[in-house]
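We did not get these values from a lab; they are worked out from the coordinates using the rules stated. Fair warning: this is a prediction, and the values are worked out from it, not measured in the lab. Virtual Cβ from ideal backbone geometry, glycine too; neighbours counted across all protein chains shown.
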Amino acid sequence: MNPFKADQVLQNRAVFPRSFCFILKAFILLLLFRASLPGSGIPAAGAAETKINCNIHDGACSQSQAGLEITLNISPKPVKAMRDLAFKVSLAGDVPEQAPYIDLGMPGMKMGPNRVILKKISRTVYEAKGVIVRCPSGRRTWRATVTVPGRGKADFIFDVVY
C-alpha cells in the first residue's frame with residue numbers, strides 16, 4: 001500500500017467526525033434553546049386533560065354541588081398573578097354552618113399549600129384576600145377549589161394574566 005494513499009484515507013476519515021461533531025453540537029444547542037423558552041417545557045402530568053371551566057376575566061363563575069350553588073368571583077379584573085386579589089364566594093341553597101375556603105393550585109402539579117381562608121360577610125357571602133403566584137414554567141392555568149365543609153367541593157379552572 002502506498003504510504004501517501006494511507007495518509008489521504010486517514011485525513012478523509014478525520015473530516016467526517018469533525019463535521020458530525022459540529023452538527024451534533026448545533027442540534028444540542030437548538031434543543032437547549034427550545035427547552036429554555038417559557039411554556040415549552042414538558043407539561044405536568046394531567047395538564048393535557050385539564051379543561052378551563054371558568055372565564056374569571058368576564059365575571060363570576062358558578063357550579064352546583066348537592067343542592068348548593070357555589071359562585072366564585074375574583075377581582076380586580078383581569079386576574080393577574082403576583083397581585084393582591086379579592087376572592088368572593090357566594091352560596092345559594094342550604095347554607096352550611098362552617099365557612100368555605102379556597103385552595104389555589106395548578107392542575108397536574110403538586111404545589112405547596114396556598115389556602116385562602118374566607119370570612120363571613122353576610123349569611124351567604126364570604127370574602128378574603130389572596131395571591132396567585134407566578135409559575136416559573138410559564139403556565140397560566142390555575143385551579144381554585146372551593147371547599148364547603150360537610151357539603152363538597154367545586155373546582156374552578158381558569159387562566160391568569162402574567
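Summary of computed values
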| quantity | calculated |
| --- | --- |
| Net charge contributed by nearby residues that have their C-beta within less than 15 Å of G150 (K/R +1, D/E -1) | 0 |
| Charge sum, other residues only, whose C-beta stays under 13 Å from M106's C-beta, Lys/Arg counted +1 and Asp/Glu -1 | +2 |
| Derived scalar couplings ³J(HN,Hα) [the stretch 93-102; Karplus, 6.51 cos²θ - 1.76 cosθ + 1.60; whole Hz; x for Gly, Pro] | x, 5, 6, x, 6, 9, 6, x, 9, 10 |
| Whole-Hz couplings from phi, Karplus 6.51/-1.76/1.60, listed for the stretch 122-137; x for Gly and Pro | 9, 4, 10, 10, 10, 9, 6, 9, x, 9, 9, 7, 8, 7, x, 6 |
| Low-density loop cleavage sites - trypsin sites (Lys or Arg not before Pro) in the stretch 43-119, where at most 10 other Cβ are within 10 Å (DSSP) | K51, K110 |
| All-pairs Cα distance distribution in the stretch 61-159, expressed in whole percent, bin size 10 Å | 15, 52, 27, 5, 0 |
| Positive minus negative residues near A128 (Lys, Arg vs Asp, Glu; Cβ under 12 Å) | +3 |
